[in-house]
Amino acid sequence: MTQPNTNVNQSSTLLDVQGLADQRGVTLNQVGVKNVEIPMQVLQKDGKTQTVQAVATMSVGLPAELKGTHMSRFVIQLSEWSENKTFGLDLKEFLIEAKQRLEAPSAFIELKFRYFMDKAAPVSGLSAPMAYECTFKGTLNEQDQYRFILSLMVPCATLCPCSKAISDYGAHNQRAEIRADILLDSQTEHPMVWIEDVIAGFEDASSCPVYPLIKRIDEKFITEKAYDNPKFVEDVIRESTLFLRDLKGVSGFNLSVDALESIHAHNAWATHAENYFPEITHA
């Protein structure tokens with residue numbers, strides 16, 4: 001069998017179809033790749049890093065005069081950053097590089113992953129990893145205006161104030177989910193917003209945190225803490241709003257709280273947004 005000649009650079013002799021001209025006069029806001037699975041290093045508050053399995057979406061703006069973009073360059077950049085860089089709450093450098101590599105007017109990246117924190121039970125102190133849904137989303141437009149959104153889902157517990165008030169004993173409680181899209185202040189070069197701080201703030205807004213590992217002494221503490229701290233979804237979202245208003249480095253946010261009701265066939269739900277613009281796009 002004839003082996004390919006790896007010493008010959010054939011790329012210079014092959015037609016670059018993507019680089020051909022297009023005559024239809026349509027500028028495209030986003031063209032790129034989706035569902036690229038990649039390991040990456042994420043910076044923690046303690047200065048250490050953890051390896052996470054991310055699903056990446058990358059795109060650039062495509063001028064009207066060009067037929068296509070070079071899709072392989074997205075994966076090359078992701079692969080190089082996966083091996084040599086740490087991802088934190090600032091993707092501006094990555095986006096500047098993407099614009100240069102793709103010779104594009106704008107660039108976008110979204111990284112979805114599960115962020116792990118060792119979480120100790122409140123009384124026994126037993127610790128186990130707990131996962132949180134997390135997304136980094138950044139864009140750099142034609143005017144080099146940079147925007148970054150941190151998205152998180154934090155599970156917690158809520159106990160119904162009405163149930164507690166009207167019952168002779170007990171009160172219904174349930175797990176709830178606090179979801180947030182947090183727009184970071186682009187005027188600050190390196191906004192010091194840590195995932196760990198956001199999680200702690202949202203847990204404080206609930207009746208009680210949830211834990212990956214507990215013993216009976218922890219269960220007693222958690223049950224009583226929730227009972228002493230009843231919260232409607234309205235209470236949780238208001239407390240979360242106050243927390244984000246005071247968190248340095250945050251310029252806007254979109255919040256939602258879902259209580260996975262234990263005595264209803266439906267969920268209780270609330271949402272609130274301040275200084276938040278919908279999806280990051282290149283338009």
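Results, tabulated for the structure shown:
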| quantity | calculated |
| --- | --- |
| Hits in the stretch 188-211 - residues which are surrounded by fewer than 16 Cβ atoms within 10 Å (Cβ to Cβ) and either acidic (Asp, Glu) or in contact with a Lys or Arg (Cβ under 6 Å, 6 or more places away or on another chain) (or both) | Glu189, Glu196, Asp197, Asp204 |
| Candidate set from the stretch 93-115 (those that are under 17 Å from Gln50 (Cβ atoms) and among the charged types (D, E, K, R)); member that is surrounded by the most Cβ atoms within 10 Å (Cβ to Cβ) | Lys112 |
| Condition met for Ser240 (assigned to a loop (DSSP other than H, G, I, E, B) and in contact (Cβ under 8 Å) with a residue 60 or more places away in the chain) | no |
| Given (1) among the aliphatic types (A, V, I, L, M); (2) surrounded by fewer than 17 Cβ atoms within 10 Å (Cβ to Cβ); (3) touching a His at 6+ places or on another chain (Cβ under 7 Å), index of the condition Leu255 fails | (2) |
| Leading residue by the ranking (modelled with the highest pLDDT) among those in the stretch 62-92 that are touching an Asp or Glu at 6+ places or on another chain (Cβ under 7 Å) and surrounded by 16 or more Cβ atoms within 10 Å (Cβ to Cβ) | Gln77 |
| Selected residue (criterion: nearest to Ser186 (Cα to Cα)) from residues of the stretch 223-237 that are surrounded by fewer than 17 Cβ atoms within 10 Å (Cβ to Cβ) and in contact (Cβ under 8 Å) with a residue 60 or more places away in the chain | Asn229 |
| Matching residues, the stretch 45-59, being among the aliphatic types (A, V, I, L, M), surrounded by 15 or more Cβ atoms within 10 Å (Cβ to Cβ) and without any contact (Cβ under 8 Å) to a residue 60 or more places away in the chain | Ala54, Ala56, Met58 |
| Tally, over the stretch 138-179, of residues that are farther than 30 Å from Lys99 by Cβ, touching a residue at least 40 places away in the same chain (Cβ under 8 Å) and under 15 Å from the mean Cα position of the chain (by Cα) | 5 |
| Single residue of the stretch 22-44 satisfying the filter (part of a loop (DSSP other than H, G, I, E, B) and touching a residue at least 24 places away in the same chain (Cβ under 8 Å)) that is nearest to Glu103 (Cα to Cα) | Thr27 |
| In the stretch 121-151, the residues that are touching a Leu at 6+ places or on another chain (Cβ under 7 Å) and either among the hydrophobic types (A, V, I, L, M, F, W, C) or on the phi > 0 side of the Ramachandran plot (or both) | Ala121, Leu126, Ala128, Cys134, Phe136, Leu140, Phe148, Ile149, Leu150 |
| In the stretch 164-176, the residues that are out of contact with any strand residue (DSSP E or B) (no Cβ under 8 Å at 6 or more places or on another chain), on the phi < 0 side of the Ramachandran plot and of a type in the set (Gly, Ala, Ser) | Ala165, Ser167 |
| Residue identified as surrounded by fewer than 17 Cβ atoms within 10 Å (Cβ to Cβ), under 29 Å from Gly249 (Cβ atoms) and modelled with pLDDT of 95 or more among Asp118, Asp181, Asp144, Asp185 | Asp118 |
| Any pair with Cβ under 6 angstrom, 6 or more apart, that starts in the stretch 115-129 at a residue that is within 26 Å of Leu150 (Cα to Cα) and ends at one that is crowded, with 16+ Cβ neighbours inside 10 Å and β-branched (Val, Ile, Thr) | Tyr115/Ile195 |
| In the stretch 172-186, the residues that are under 20 Å from Cys160 (Cβ atoms) and of a type in the set (S, T, N, Q) | Asn173, Gln174 |
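The values are calculated or read from the model by the stated rules, or taken from the named source; none is laboratory data. Quick caveat, the model's predicted, so the values are computed rather than measured. Using ideal geometry, Cβ is built from the backbone for each residue, glycine included, and neighbour counts are taken over all protein chains shown.
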